[in-house]
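So the structure is just underneath, and the comments pick up after that.
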Amino acid sequence: MVEQAKDLIGAHYNLKGSSPEDGFNSGGFVYHVYKEVTGSWRSKHPSSQFEAGMNIERDELEPGDIVFLKKLISGIYSVNDEFIISTPSGEHPAVNRIYLYPHNEGLNKKKVPF
């Protein structure tokens, strides 16, 4: 999961995007990576992705878990407090550090294997 996400670092940002060709928003990025790895995914919107999982504590994070910022932005956890996220600033998608976002809404793990 993480390697597939890292392969997309540098793809451009697109507010409504969910593909390498069109670019990504944050939910579209998570959607694309999970769909490529698992063959299925339900939603491109971060709030729906948040509702589909269960809350976990920060020390329970594993590579591939989803990190949420105010339920509006989602990214894929890598390691060592790093996550990969597509946002409208900087390199897209890019590796960021969780501590740079002190107001993260939650950490989430999928309830069912995909």
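The values are calculated or read from the model by the stated rules, or taken from the named source; none is laboratory data. Quantities reported herein were computed from a predicted structural model and do not represent experimental measurements. Cβ: placed from backbone, ideal geometry, glycine included. Neighbour counts: every protein chain shown.
In the list S74, S19, which residue meets the criterion of being without any contact (Cβ under 8 Å) to a residue 24 or more places away in the chain and closer than 19 Å to Q4 by Cβ? Break it down into steps so the answer makes sense when it comes.
Details: S74 fails: without any contact (Cβ under 8 Å) to a residue 24 or more places away in the chain.
After ruling out the rest, the residue left standing is S19.
Just one of the numbered conditions (1) in contact with a Pro (Cβ under 8 Å, 6 or more places away or on another chain); (2) modelled with pLDDT under 80 is not true of I84; which one?
(2)
Tally up the residues in region 50-65 that are within 14 Å of D81 (Cβ to Cβ) and aliphatic (A, V, I, L, M), please. Spell out how you get there, then give the answer.
Here is the first cut: in region 50-65, the residues within 14 Å of D81 (Cβ to Cβ) are 57-63, 65.
Retained after the next criterion (residues that are aliphatic (A, V, I, L, M)): 61.
Matching residues across region 50-65 total 1.
Wholly within region 1-89, which strands (runs of 3 or more DSSP E) include no fewer than the required count, namely at least 2 residues that are surrounded by 20 or more Cβ atoms within 10 Å (Cβ to Cβ) and in contact with a helix residue (DSSP H, G or I) (Cβ under 8 Å, 6 or more places away or on another chain)?
66-69, 73-77, 82-85
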